[in-house]
1. For 80, 143, write out the residues from largest to smallest accessible area, computed with a 1.4 angstrom probe and no ligands counted.
2. Between residue 21 and residue 109, what is the label-to-label distance in nm when each label sits 7 Å out along the Cα-to-Cβ direction?
Amino acid sequence: MTGSTPETVEVREPISAPDADGRPRRATRRFPLFTRDTARPEGGGRAASGAAPAPARQWPMLAVLVTVGLGLLLTAFDAFRLGTLLVGVALLGGAVLRWLLPGVGMLAVRSRFTDIATYGLLGVVIVLLALMVQPEPWLEIPFLKDTLHFTVSG
């Protein structure tokens, strides 16, 4: 290999390739044994400039957490329906923030699509369950009662 030019490089292994100088190097598709760094999720940068204080840089996450906390507080004070409704609305708000804002700070956990789908789906399910909670549900879905009776009696 010594004294060879880039045109006469001999590649012995099927997974090796020449580098920028023409010398063969091993290029593997295998992941490294130890991860040295991880990529920040898309949109995971600060929501405000670095000069702003720490809470202001993470305002989307704080808005969702404060709303969830208020919902849990209402639930603890025996306003179960309103509290869980507020928790679901907070998750839906997190999905909207993740969709609209380019940088949402720590609210970005995974890819944008996965975050929006997760926050949105959980928010919709919690809101629907809060609306259908007994006694005197605000939302009644007729086929659910029939489905329950069919599965239990059958």
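The values are calculated or read from the model by the stated rules, or taken from the named source; none is laboratory data. Note that the structure is predicted; figures quoted are calculated from it, not measured. No Cβ is skipped: glycine too gets one built from the backbone with ideal geometry, and neighbour counts run over all protein chains shown. Each accessible area value is taken on the protein alone, full model and side chains, heavy atoms only, with ligands, DNA and RNA left out. Shrake-Rupley method; radii C 1.70, N 1.55, O 1.52, S 1.80 Å.
1. Numbers: 80 105, 143 130 Å².
Descending accessible area places them as 143, 80.
2. In this crude label model, residue 21 to residue 109 measures out at 4.6 nm.
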